[in-house]
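For reference, the structure is listed below as structure tokens.
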Amino acid sequence: MRKTPLLAALILAAAVSGAPQLAAAMGSSNPTPPSDSSSKPSGKTDSKKKKNDKSSSAKEFLDRYHAAYALIYDKEDYQSGITALRAMGYDDNADVATLLGYASRKLGRYDDAKYWYDKALAADPKHALTWSYYGMWHAEQGNLLKAKDDLEQVRLICGTECREYGALKEVIDGTRSY
């Protein structure tokens with residue numbers, strides 16, 4: 001089986017996308033943009049204009065998310081990242097809320113982090129990264145039993161081979177801090 005073409009395609013896709021590096025981060029650099037009902041044009045418009053408005057809105061969301069993502073994961077500028085994410089106005093998006101929770105936790109704002117993780121799970125109860133980060137939050141609070149419950153949620157969502165499971169398991173086992 002030849003894997004070289006697939007590997008080359010993956011490397012090319014990563015280079016073209018301009019997404020931030022994932023060396024130390026687990027977060028999704030390409031979240032699904034929310035549907036934006038507020039950008040619906042009023043009056044009659046053709047379908048091509050509607051499509052352009054929607055893709056423009058999605059591009060803006062992704063551009064702003066990537067900028068905040070880079071502040072948080074690449075520069076470890078958590079406060080600026082929080083400010084950038086809040087300015088987006090998509091606090092109900094699971095990826096945005098999870099990143100807000102992560103940045104809050106890294107700043108030691110555990111009550112804020114809990115709020116954001118709860119909000120992310122309300123938006124998407126099967127968001128593996130949120131469960132993983134929430135488990136890390138519980139472990140940092142000294143509640144390893146609850147962290148293990150969160151690990152089980154991650155296992156049910158993506159199995160034991162996904163990075164979210166492995167990272168949380170290492171935190172619970174005491175072989176990694178995150």
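Provide the gained length on full extension for the span residue 140 to residue 67, in nm with one decimal, where the gain is 0.36 nm per separating residue minus the Cα-Cα distance.
Difference between extended and current length: 23.5 nm.
Taking the Cβ of each residue in 176, 64 as the centre, tally the other Cβ atoms inside 10 Å and list the residues starting with the fewest.
176, 64
Set the bar at 26 Å for Cα to Cα. Now go through 75/114; 59/146; 119/146; 114/148; 75/148; 106/126 and name every pair that lies beyond it.
59/146; 75/148
Within a 10 angstrom radius of the beta carbon, how do 55, 104 rank from fewest other beta carbons to most?
Fewest-to-most Cβ neighbours within 10 Å comes out as 55, 104.
Taken together, the values in this text are just the output of simple stated rules run on the coordinates, not laboratory data. These numbers come from a predicted model, not from an experiment. Here the Cβ is made from the backbone with ideal geometry for all residues, glycine too, and neighbour counts use every protein chain on show.
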